[in-house]
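Structure first, then comments.
Just so it is clear, none of the values below were taken in a lab; they were calculated from the coordinates. Model, not experiment: these values are computed from the prediction. Cβ atoms come from the backbone with ideal geometry, glycine included; neighbour counts cover every protein chain shown.
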Amino acid sequence: MTSAPHQSIAPAAVTANEQPRHHQLRLRLRPKALTTGYVDGAWWPRSRDLAAELPALLAVLAVRLGGVPRVSYNLSEWDTAPRQIAADGVRVRLNGFWSRPAHTLDLIAGDRRRLTLLVVPPGTDPSAAHETMMCATRHDNADTVADLFRTGAQTTEGSTVDSREAGGGRIPQQKTKEAE
């Protein structure tokens with residue numbers, strides 16, 4: 001069974017002008033050496049707005065990949081996104097799939113090299129997010145996405161992330177004070 005790209009009702013192309021940010025991009029990558037595992041790095045975006053978050057990510061990854069004309073993502077994890085954006089003069093096609101592996105983002109370079117990033121949800125507790133990103137970028141990491149979130153939540157003492165929800169491909173959900 002194959003999935004078809006999501007047909008968006010959004011405009012066909014949007015020019016993404018990155019607003020100046022006073023925050024560092026929350027990204028960690030594995031070394032360039034041959035690696036095994038499910039992900040090549042981890043990214044902790046600040047929002048669920050893919051069109052707004054991608055330009056800064058693509059600018060940083062241009063050093064490793066060059067231009068990235070295509071990005072694939074899971075539709076359930078992002079707000080509605082346009083089919084294309086223009087970032088730094090490169091037209092980037094955004095392919096959303098319902099069947100795309102949860103909590104990952106594939107960036108496909110012009111020469112077809114692929115970088116798969118673990119996507120840590122924006123509302124994740126900072127300690128749990130940091131630990132999950134560190135685990136994902138270990139050179140010898142071969143953990144599944146669910147295992148990475150479970151490990152990050154369990155090794156973070158005092159985290160507000162419920163590690164029971166990390167299994168089964170579900171991301172840990174952040175608890176609110178009322179839910180505790």
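Just a few scattered comments:
- 5 angstrom amide H check on Asp143, placed H, neighbours 5+ away: Tyr38
- Packing here is the average count of other Cβ atoms within 10 Å per residue, and on that basis the peptides 135-148, 117-130, highest first, run 117-130, 135-148.
- Of the chymotrypsin sites (Phe, Trp or Tyr not before Pro) in region 27-101, the ones in a loop by DSSP (not H, G, I, E or B) with at most 14 other beta carbons within 10 Å are Trp98.
- Spin-label proximity, Asp79 to region 101-125 - amide N less than 14 Å from point 7 Å beyond Cα toward beta carbon: 122-123
- Taking 0.36 nm per residue of separation and subtracting the current Cα-Cα distance, fully stretching the chain between Thr36 and Trp98 would add 19.8 nm.
- Other residues with beta-carbon under 11 Å from the beta-carbon of Ala109 carry, at +1 per Lys or Arg and -1 per Asp or Glu, a net charge of +3.
- Additional length obtainable on full extension of the chain from Gln154 to Asp49, 0.36 nm per residue less Cα span: 35.0 nm
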